[in-house]
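In what follows, a single structure is set out as structure tokens and then discussed.
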Amino acid sequence: MTICNKLSYFFYLSFLGLIVISCNKKTETTAEQKPENAISVTNAKNLVSVKDSISGTYNSKTEDCNISLIISKNQKDYHYIFTTKNRTLKGKAIFSQNSSGEKFISLEGIKWDEYEGDISNEENDSIPAKELKIPVGIDALYVKDTLTIQNYGNAMNSYTKISECGLKYIQLIKK
């Protein structure tokens, strides 16, 4: 093989190598570009596994606030047993996720203990306080193995969800 043939063979292989490299890079960038509203299959599988991992027993670690919550799956629905020192409640639990990715559990059927509503415009309200309906259902933020419930509001929005516990944020940790 002459030097001229070797050089042309070298340039030919170099050219093919550049084409292969550029094709590989183009494929990678195309695969990385996803529409913002696309749901990946991996995320959907993770959501299902998160929902399945929610089942279990959660307890408060604070002595002042002795609360237990058992979440179980019955066929396709989730159910709860909520126990404090004064009551035991049962009902349906609903798992949800907001647009920013935060996960929540809603415990349906638990009536809040106190609710005065938004009291910032109390003198302008046309609805007397005794006509306000006490909300039903308690939401808990789910992060890893911890459920967090905001138990009471502030001076502008006065409420208490679970009067047996004086904490503002009740944390229930999975066993």
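Tell me, what HN-Hα J-couplings in whole Hz come from the Karplus equation 6.51 cos²θ - 1.76 cosθ + 1.60 at θ = phi - 60° for each residue of region 100-105, using x for Gly and Pro?
For region 100-105, the Karplus curve yields 8, x, 6, 9, 10, 10 Hz.
Checking the table K103/K144; K61/K111; K111/K133 against a 20 Å threshold on Cα-Cα, which pairs fail? Walk me through the numbers before you get to the answer.
Working: K103/K144 10 Å; K61/K111 23 Å; K111/K133 10 Å.
Pairs exceeding the cut-off: K61/K111.
Got a number for the accessible area of V143? Probe 1.4 Å, square angstrom, nearest 10.
Around 80 Å² of this residue is reachable by solvent.
What part of the accessible area of region 66-175, given as a whole %, is carbon or sulfur when the probe is 1.4 angstrom? Spell out each step's value before the answer.
Values: 3240 of 6910 Å².
In region 66-175, the share of accessible area belonging to carbon and sulfur is 47 percent.
Report the gain in length on full extension from N98 to D118: 0.36 nm times residue separation, minus Cα-Cα distance, nm rounded to one decimal. Before the final figure, lay out the partial values.
Details: separation 20, 0.36 × 20 = 7.20 nm, distance 2.40 nm.
That pair, N98 and D118, stretches by 4.8 nm at full extension.
At 1.4 Å probe radius, can you tell me the per residue accessible area of region 61-175 in Å²?
On the way: 7400 Å² over 115 residues.
So region 61-175 comes to 64 Å² accessible per residue, rounded to a whole number.
The values are calculated or read from the model by the stated rules, or taken from the named source; none is laboratory data. The structure presented is a predicted model; accordingly, all values stated were derived computationally and were not measured. For the accessible areas, the whole protein counts, side chains as well, though only heavy atoms, and no ligand, DNA or RNA atoms are used. Shrake-Rupley method; radii C 1.70, N 1.55, O 1.52, S 1.80 Å.
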